Amino acid sequence: MNLPNSLTILRILLIPVYIGFMVYEQYGPALLALLLAGITDAIDGPIARHMNQRTELGSILDPLADKLLLTSGFLSLALLHLVPVWVVIIVVSRDVILLLGTAVAHVTETKIDITPTILGKSTTFLQIAYVVLVVFLTWRGLDTRILLPLLAVMVGCTLLSGLHYLHRGYRHVNTAGSAHP
């Protein structure tokens with residue numbers, strides 16, 4: 001097990017720690033767990049590239065860890081009534097639809113481009129920033145309504161990136177299908 005994959009696994013293991021702290025309304029430690037998970041996400045890729053330790057396992061685990069962290073982050077905030085449920089529905093639905101599309105492509109042996117786009121990366125950044133800021137403001141006892149502009153931008157990017165990935169996959173499948181009569 002190389003260092004980048006170990007960092008990714010650490011990120012996955014921090015998820016129940018974060019959730020546990022959130023359930024017991026220990027927002028400071030929850031924020032710390034969330035930030036530590038974010039740090040592992042920020043450094044595992046550069047370490048893998050710099051040390052030439054990219055692996056197939058890492059290419060699967062890294063995005064899975066991100067999705068698990070964000071999904072658990074949004075679900076825990078909704079269960080504690082810190083974010084509206086409709087936000088969780090949008091965020092989770094986008095990821096489920098994209099995962100199902102990827103699974104269908106895999107089962108049908110259809111090659112698709114799953115590389116993240118700038119819009120997809122921006123969406124992930126905005127989602128992480130939103131979760132972190134909600135936890136931070138809640139920990140400090142501040143009103144989370146000040147995040148409404150960020151929420152609007154994050155939801156918009158989430159919807160746009162979901163549609164963009166669907167369009168890209170649809171276009172790729174149709175282009176590949178017409179190239180092979």
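The values are calculated or read from the model by the stated rules, or taken from the named source; none is laboratory data. These figures come from a predicted structure and were not determined experimentally. Note that each Cβ is placed from the backbone with ideal geometry, even for glycine, and that neighbours are counted across all protein chains shown. Please note that ligands, DNA and RNA were not included when accessible areas were found on the heavy atoms of the full protein model with its side chains. Shrake-Rupley method; radii C 1.70, N 1.55, O 1.52, S 1.80 Å.
At-a-glance table
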quantity: Test: Thr108 is without any contact (Cβ under 8 Å) to a residue 24 or more places away in the chain and either under 14 Å from the mean Cα position of the chain (by Cα) or closer than 21 Å to Leu160 by Cβ (or both); calculated: no
quantity: Only one of Thr55, Thr40 that is hydroxyl-bearing (Ser, Thr, Tyr), under 14 Å from the mean Cα position of the chain (by Cα) and more than 17 Å from Met154 (Cα to Cα); calculated: Thr40
quantity: Counted residues, region 4-35 - those being in a helix (DSSP H, G or I) and either among the charged types (D, E, K, R) or under 22 Å from Leu80 (Cα atoms) (or both); calculated: 22
quantity: Only one of Asp113, Asp95 that is touching a residue at least 12 places away in the same chain (Cβ under 8 Å), acidic (Asp, Glu) and surrounded by fewer than 13 Cβ atoms within 10 Å (Cβ to Cβ); calculated: Asp113
quantity: Residue count, region 86-132 (criterion: of a type in the set (Lys, Arg) and at pLDDT below 85); calculated: 1
quantity: Which numbered condition Leu82 fails, given (1) in contact (Cβ under 8 Å) with a residue 24 or more places away in the chain; (2) within 14 Å of Pro63 (Cα to Cα); (3) assigned to a loop (DSSP other than H, G, I, E, B); calculated: (2)
quantity: Enumeration of residues in region 1-44 that are among the hydroxyl-bearing types (Ser, Thr, Tyr) and open to solvent by 40 Å² or more (accessible area, probe 1.4 Å); calculated: Ser6, Tyr24
quantity: Region 159-176 - residue that is under 15 Å from the mean Cα position of the chain (by Cα) and surrounded by 17 or more Cβ atoms within 10 Å (Cβ to Cβ) and, of those, modelled with the lowest pLDDT; calculated: Tyr165
quantity: Number of positions in region 136-158 that are charged (D, E, K, R) and open to solvent by less than 30 Å² (accessible area, probe 1.4 Å); calculated: 0
